[in-house]
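Asker: Quick one: structure below, then a few questions.
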Amino acid sequence: MERLMQYVWQHRLLLQSDMVTVDGRRVSVIDPGWLNTGAGPDFFNAKIRIGEHLWAGDVEVHVRASDWHRHGHDGDIAYDSVVLHVVDCDDTSVHRSNGEVIAQMRMACSPEFHARYHELVDRADIDLPCAAEIATMDSLRLSDWLTALAYERVYSKAGHIEELLKRYAGDWEQTCYVVLARALGFSTNSEPMERLALSLPLHFLRKHSDSITAIEALFFGQGGFLEDAPKCDPYVERLVSEHRFFAHKFSLKPLQPLGWKMGRMRPHNFPHRRVALLARMVASDFRMVGRMVKTFDIDELRGLFRQPLDGYWANHFVFGPGSERIYDSLSRSSADILIINVAVPMMVAYGNSHGDESMVTRAMELLQELPAESNSIVALFNSAGLKSVDAFTSQAVIQLRRQYCEVRKCLYCRLGHRLLAQRARR
């Protein structure tokens, strides 16, 4: 409740006619001040006219006026700068440490405002409480919010890349290798893929990249895949032998069970093929970042991720009997997801690091050229009238869902703000 009251004050959602102190003086807000997230009054440096006098100071917000005493503010000189106490329940007067009375105002919001707030924030049984009103949003405001969300999501990913880059002392390819490995897990196996990549640094693998069998043996052995693989398979026998050699030479131990998932998954998405593809990329002289930043053509970027699998994995999904058919390493849509989650944020991080704004701009434009993703979040907003026409929009709605809807941060969502503002002034 107190957070809601802070929100109403911060965004000036009260009608001027409702702003009166408990002793009848008119209140006019020139500047609400800036929200304090640390210790001390809730809003610093506000400018408020109370009656005939202009005040500059702080504002404190409480559900009950008696919270002032309950929290010990009456004896705390840090709160002597408060010029207005905003409350929901005026159950007592409040004073500074020297006994001076502080002006107090009741916050009057419509019942519809409170009902809508609790419907948005507290109704866990409603998947998208604002669904019925999304289609009525002003198109310009909605477009601005979606643009901000798309940039917010991409820059969040780029920020993670920059943190990894610090960890790896500016090694862009090692950083890209870890990011790519995680992305190849496609959510379901992203954690195991990342842990596997972290256990086998790129500089170590490059020493053995002249042998695809050696690279595959390291990946499958460290990933725990060889333990249950059929030993009568000649290919498996070679991998086991190779891994045994490397394990002895470098004191390698298979990771603790990584929790690979295969249930309710199409064979094309089994982790075996994703690991095999990562091994192929490493064995093919891994220079992904260098290639990404030199091309802005979507088909060329797709080609970086759709490197063909030959040999055993050309027609196998797991260890054991294979198929007569040769399969693509990745579908076109899967390659597009890798462009979204690897190429675009890598290019943004690289452009920011090198002061190349044109690269950042072009990376964001790639999202507008790619088709929208197909997932439950995109479908949810599509059904509510917010259509994803490209990957730029689908990334925006994913950010909206993950960072605002699911954590019920409706107060910080521009859609939620508009809905609440309309009701606050009724």
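Asker: Tell me, what is the FRET efficiency for residue 198 and residue 315 to the nearest 0.05, using R0 = 22 angstrom and their Cβ-Cβ distance as r?
Answerer: For R0 = 22 Å, the calculated efficiency reads 0.15.
Asker: Measuring from centroid to centroid over Cα atoms, what is the spacing of the stretch 252-272 and the stretch 195-230 in Å?
Answerer: Their Cα centres are 14 Å away from one another.
Asker: Could you tell me how many degrees, from 0 to 90 and to the nearest 10, lie between the Cα long axis of helix 212-222 and the main elongation axis, the longest principal axis, of the Cα atoms of the chain?
Answerer: That helix lies at roughly 50 degrees to the long axis.
Asker: What is the helix-to-structure angle for 139-167, meaning the angle in degrees between its Cα long axis and the longest Cα principal axis of the chain, kept from 0 to 90 and rounded to the nearest 10?
Answerer: Roughly 60 degrees between the two axes.
Asker: So what's the gap between the Cα centers of the stretch 27-61 and the stretch 367-426, to the nearest angstrom?
Answerer: A separation of 33 Å, based on Cα centres.
Asker: Same structure, new question: Quick one: grab the alpha carbon gyration tensor of the stretch 308-397, order the square roots of its eigenvalues as a ≥ b ≥ c, and give me rounded if a/c is under 1.5, else prolate or oblate depending on whether a/b is larger than b/c.
Answerer: In terms of gyration-tensor shape, oblate.
Asker: Add +1 for every Lys or Arg and -1 for every Asp or Glu among the other residues with Cβ under 15 Å from the Cβ of residue 351, and state the total.
Answerer: -1
Asker: Follow-up question, since we're still on this one. Indicate, rounded to the nearest 5 percent, the antiparallel portion of the DSSP beta bridges found entirely in the chain.
Answerer: Antiparallel bridges: around 60 percent, rounded to the nearest 5.
Asker: Then there's this: Assign one of three labels to the stretch 53-110, namely rounded, prolate or oblate, based on the Cα gyration tensor with a ≥ b ≥ c the square roots of its eigenvalues; rounded applies when a/c is under 1.5, prolate when it is not and a/b is larger than b/c, and oblate otherwise.
Answerer: Cα axes put the stretch 53-110 in the oblate bin.
Asker: Which label marks the calculated value of Kirkwood radius over Cα pairs in Å, given the options (i) 22.9; (ii) 27.0; (iii) 25.7?
Answerer: Label (iii) holds the value from this structure.
Asker: Taking K and R as +1 and D and E as -1, what net charge do the other residues with C-beta under 11 Å from the C-beta of residue 81 add up to?
Answerer: Surrounding charge for residue 81 is -3.
Asker: Okay, next question. Which of the three applies to the stretch 194-235, rounded, prolate or oblate, going by the alpha-carbon gyration tensor with a ≥ b ≥ c and a/c under 1.5 meaning rounded?
Answerer: Taking the square roots of the gyration eigenvalues as a ≥ b ≥ c, the stretch 194-235 is oblate.
Asker: Another question, then. How far is it, in nm, from the label point at residue 143 to the one at residue 294 when both lie 7 Å from their Cα along the line to the Cβ?
Answerer: Each label point lies 7 Å from its Cα, and together they span 3.8 nm.
Asker: So, one more: On C-alpha positions alone, give me the angle between the axis of helix 344-353 and the longest principal axis of the chain, in degrees, nearest 10.
Answerer: Helix 344-353 sits roughly 70 degrees off the main axis of the chain.
Asker: Need the full-extension length gain, residue 421 to residue 155, defined as separation in residues times 0.36 nm minus the C-alpha distance. One decimal, nm.
Answerer: Length gained, residue 421 through residue 155: 92.9 nm.
Asker: Let me ask another. At a Cα cut-off below 29 Å, give the lysines reachable from residue 166, other chains included and same-chain residues fewer than 8 away excluded.
Answerer: Qualifying lysines at Cα under 29 Å: 157, 207, 253, 294.
Asker: Taking R0 as 35 Å, what FRET efficiency do you get between residue 36 and residue 380 from their Cβ-Cβ distance, rounded to the nearest 0.05?
Answerer: The formula returns an efficiency of 0.45 here.
Asker: How far, in nm, would the chain grow between residue 133 and residue 49 when pulled straight, counting 0.36 nm per residue and subtracting the alpha carbon separation?
Answerer: The residue 133-residue 49 span can extend by a further 26.6 nm.
Asker: While we're here: When Lys and Arg each count +1 and Asp and Glu each count -1, what net charge do the other residues less than 12 Å away from residue 53, Cβ to Cβ, add up to?
Answerer: Summing Lys and Arg as +1 and Asp and Glu as -1 gives +3.
Asker: Provide the gained length on full extension for the span residue 93 to residue 356, in nm with one decimal, where the gain is 0.36 nm per separating residue minus the Cα-Cα distance.
Answerer: 88.9 nm
Asker: What whole-number distance in Å separates the alpha-carbon centres of the stretch 153-183 and the stretch 66-118?
Answerer: Distance between centres, Cα-based: 47 Å.
Asker: Shifting gears a bit: Quick check: pseudo-label points 7 Å beyond the Cα along Cα→Cβ at residue 238 and residue 20, how many nm apart are they?
Answerer: Modelled inter-label distance: 8.9 nm.
Asker: Over the chain, with a Gaussian network built from C-alpha contacts below 10 Å, which listed residue (396, 158, 65) shows the highest mean-square fluctuation?
Answerer: Between 396, 158, 65, it is 65 that shows the largest mean-square fluctuation.
Asker: Could you work out how far apart the two model spin labels at residue 402 and residue 368 are, taking each label as a point 7 Å from the Cα in the direction of the beta carbon, and quote it in nm?
Answerer: 2.3 nm
Computed from the coordinates by the stated procedures, all read-outs in this text should not be read as laboratory data. Since the structure is predicted, the reported quantities are computational estimates derived from the model, not experimental observations. With ideal geometry, Cβ positions are generated from the backbone for all residues, glycine too; neighbour counts draw on all protein chains shown.
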